[in-house]
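The next block holds one structure in the form of structure tokens; read it before the comments.
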Amino acid sequence: MFPTNHKTIFVLDHTPYFGISSDNPIDFDVSKSRGPGYVPLPPVCKSLWTCSVEAAVEYCRIVWDLFPEGKLVRFVVSDSSAHILNTWALTQQNLTHILNGLCLVGPVRRGAGGDVVGLCAAIEGLAEPSPTQSTRPPSERHFQNRGRIICITSARDDDSIRSLAEIALNTLVQQNKKAATPQPPTTTDASTTTQNLVVHYCHLVIINVTPEKADTRVNNQQLTEMGGGLMGVEVIVCRASALASLLGRLVLPHYRLAITTVTGIPMKEEQNASSSANYDVEIIHSAEAHAGLRATQTAQEATESVVLRWWTPRGAEGGAGGCSGPLWRVTPADVASRPSACLVNFLLNGRSVTLEMPRKGGGRSASHVLAAQGGELWIGALGGRTPYDDPPALSEGAGGRVTDYRIKEFGALMQQNKLHPLRGAGANARSRARLQRLTTYWPLTISSTLIFNLGSVMEPLTRLVVQESLTEDEVDTCRGVLLSLLGMESRHEFPAAQLPSNLRGKSSGRREEQWRQVWGELEALIRAHSGSPAHRALLRTLIECRSHNNHGAEGDSSRATVIRATTDSPLSPVGAGNGNGNNDVWAPRNVLDALLGAPRPPRRPDFAGRMAAGNRVATLYPHLQQDVETPH
């Protein structure tokens, strides 16, 4: 009910050590006119306290921009005592209140103290109920008081970090014992007494900050459970100059956020207003906005940025109202940069931006809309195609870039096999059996068949043989087609004029091979429909015609066997060269199996790299960039 990111507390170390320099010089001399005798200003360095405050405030800005309600953050400044800057009240959940409190605390002063008192105060703050938790009874099912503490400090070694974690755990245990015991009201009005809650889980993140050139004996530590799962401790070592970027990365998994890089933004140059350049701006939003782009992603891919290209087509309606999908709030990753400020002002002026996924094969397809609504920035995923998208090409599907699909024939097949609600036992079985029979042999492409391209020469047979039953007249008509084909083959003729122009230009080898393919396809077609006696009689006629034409051709048969044995390869389909002489056509999968996704039995085991990659793209030579030492 209340996840770990419902309540977050920052503990900032305010001891004298944080008053030292970060040893990261920043050039402060911005003057352009340097005359004779000009003395440049020396670079300045921020203190550790300034770096920690800026990083924590930037973390809160991202959280409060994306979650105006439901995600609470508190600040505790720790020196000789614990200075609590705000409470869980919604009126104190803003940057103005936090910055005013930090001004009152002031810079680092001399004196004793540490981060222990602030950490104990933070644990007590987790036990205080938030406004939302106050409205729900703790006895309710799924009520879990969970929270996160981010402690920015600087320790000597790992033992000091371990001691700090143990102190936090002991304080948490004592606080839970105190919260589990009912407290009597201390005032006459019992309604003003607030009973603390038991903390079910605390995620403690200890960030050890050091100057740029200082050495540290503290090591990174992965998330470790303590107290039987009551507390999880994570230790991160960071330089002061990289503290802001570190918290910018931590906010992503803490709140399930993602980064999108909007590339190709046209902006006018600051120096020359007549010219423009393309800039990139990173925006942060909920990770759900990338659900359609990354259906299966690893933890590493979740932290990476998704690149979307700027595209505002003509005629596109402005505003987020044209987005039919859900909307998510957006905030820039670097709010102080000029490209981010220009993009924010562009959107707040009532303009909208259509974003597209970069495609290698060309074409354009809009995926998201970036717009402002109610003074806030939003990103929305487009559901389906928009009116200004290019229509999807059939060649971009699962079959690869194939441009000769039998589209009209497939449409006719769908029209002939519409499913209607049927009653009675076995209705579904009959429908499935019909679809199975009609799709057992059904070539998907024009170039993979000859009999369906010969037009009037084959049309009576290909049209009648697919019927569930045949009459005597229809069987005689089909026999006449077979005898006509046999006569054409005996006269060494082939109806090449009936083929399409794309197949006519690239005639597939010799005439004998074409006829062998025709007879093989006819046998595969008739065998697929040989469920009735009439079909079986027609199949016997076909076999007789084929054997009559090949009688005495023992040499040709042996030569064909040699050809199949020498041209078969590991990449050949299953059964391509292992059948008898009458099975020259291999039907890999019928259309029904292809639509249902039935797996094809492999001829050989797949490559180990592709099997290990799973659904992701396998990387070829993954260790090519690594330095390999050859043992001698």
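Here are a few things to note about the model shown:
- In this simple spin-label model, placing a label point 7 Å from the Cα along the Cα-to-Cβ direction at both A427 and S139 gives a separation of 5.3 nm.
- 5 angstrom amide H check on L382, placed H, neighbours 5+ away: H368, V369
- In order through segment 243-248: 3J(HN,Hα) via Karplus (6.51 cos²θ - 1.76 cosθ + 1.60), integer Hz, x for Gly, Pro: 5, 5, 5, 5, 5, x
- Ordered by 1.4 Å accessible area with all protein chains kept, M611, M231, M226, M1 run largest first as M611, M1, M226, M231.
- Point-to-point label distance, L230-A613, nm (Cα→Cβ direction, 7 Å offset): 4.8
- Calculated FRET efficiency for the pair F346/Q195, C-beta based, R₀ 41 Å, to 0.05: 0.25
- Charge tally for A244 (other residues, Cβ to Cβ under 9 Å; Lys, Arg +1; Asp, Glu -1): -2.
- Ranking D29, D476, D158 by solvent-accessible area of protein heavy atoms (1.4 Å probe, all protein chains present), from largest to smallest, gives D476, D158, D29.
- Surface accessible to a 1.4 Å probe, W519 within the full protein complex, Å²: 10
- Note on exposure: M414, M488 ranked by accessible area (1.4 Å probe, complete protein assembly) read M414, M488, with the most exposed listed first.
- In this structure F410 has an accessible area near 60 Å², from a 1.4 Å probe over the protein heavy atoms.
- At the residue level, R616 shows approximately 110 square angstrom of accessible surface with a 1.4 angstrom probe and all protein chains present.
- Using the average count of surrounding beta-carbon atoms within 10 Å as a protection proxy, the listed peptides 421-429, 77-85 rank, highest first, as 77-85, 421-429.
The values are calculated or read from the model by the stated rules, or taken from the named source; none is laboratory data. What you are looking at is a predicted structure, and each value in this text was computed from that prediction instead of being measured. Glycine also receives a Cβ, built like all others from the backbone with ideal geometry; neighbour counts cover every protein chain displayed. Ligands, DNA and RNA are excluded from the accessible area calculation, which covers all protein heavy atoms including side chains. Shrake-Rupley method; radii C 1.70, N 1.55, O 1.52, S 1.80 Å.
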